[in-house]
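Each reported figure results from applying straightforward, stated rules to the coordinates on display, with no laboratory input. Remember, it's a predicted structure, so these values are computed and weren't measured experimentally. A quick note on method: Cβ atoms are made from the backbone with ideal geometry, for glycine too, and the neighbour counts reach across all protein chains shown.
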Amino acid sequence: MKCEKCQEEIEAGEERDLHGRTLCEDCYMDGLSPARTCDPWAVHSAKSFQKESGVQLNPQQIKILEYLKESGGAPIPWIIERLQIKPADLERELAALRHTEKIRGELREGKKVIRLW
């Protein structure tokens, strides 16, 4: 059986149903709690946490920041292609980086681009 969202293979008994769609566990969790980049409370919480314990980035977040530094900013499809990351995973990582004010979005020639803060 395949996930109706990401098309990954799902083991028997591991499928989840959400709004009439059969999903893998990751897509199910994304459906229940989608990543939100524009969340003022999350930004406040992340900044408060940073002051107390510093910023701790995971390896995927470090790769994203390095790519954005070398490219000067990139559209989301380019980041997905370059880093070979699933769109839902990238969305979560971008939300976390946005909340810590490491990245931001901007429009360039009418297209959304992710760039360093």
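Odds and ends about this structure:
- Shape call, the stretch 58-117: gyration tensor on alpha carbons, a/c limit 1.5: rounded
- Straight-line cross-link partners of Lys63 among the aspartates and glutamates, defined as a Cα under 15 Å from its Cα and at least 8 positions apart when in the same chain: Glu81, Asp89, Glu91, Glu93.
- The packing ranking, built from the mean of other Cβ atoms within 10 Å per residue, places the peptides 6-18, 61-73, 96-108 in the order 96-108, 61-73, 6-18, highest first.
- Amide proton proximity set for Ile103, modelled H, under 5 Å, gap of 5+: Arg98, Trp117
- Neighbour counts of other Cβ atoms within 10 Å put Trp78, Trp117 in the fewest-to-most order Trp117, Trp78.
- The residues packed around Ile76, meaning those with a beta-carbon under 14 Å from its beta-carbon, carry a net charge of +4 if Lys and Arg are +1 and Asp and Glu are -1.
- The calculated FRET efficiency for Asn58 paired with Glu8, based on their beta-carbon distance and R0 = 22 Å, is about 0.55.
- A full extension of the chain between Ile80 and Trp117 corresponds to an added length of 11.4 nm, given 0.36 nm per residue minus the alpha carbon distance.
- Computed from label points 7 Å out along Cα-Cβ, the spacing between Glu106 and Glu25 is 4.1 nm.
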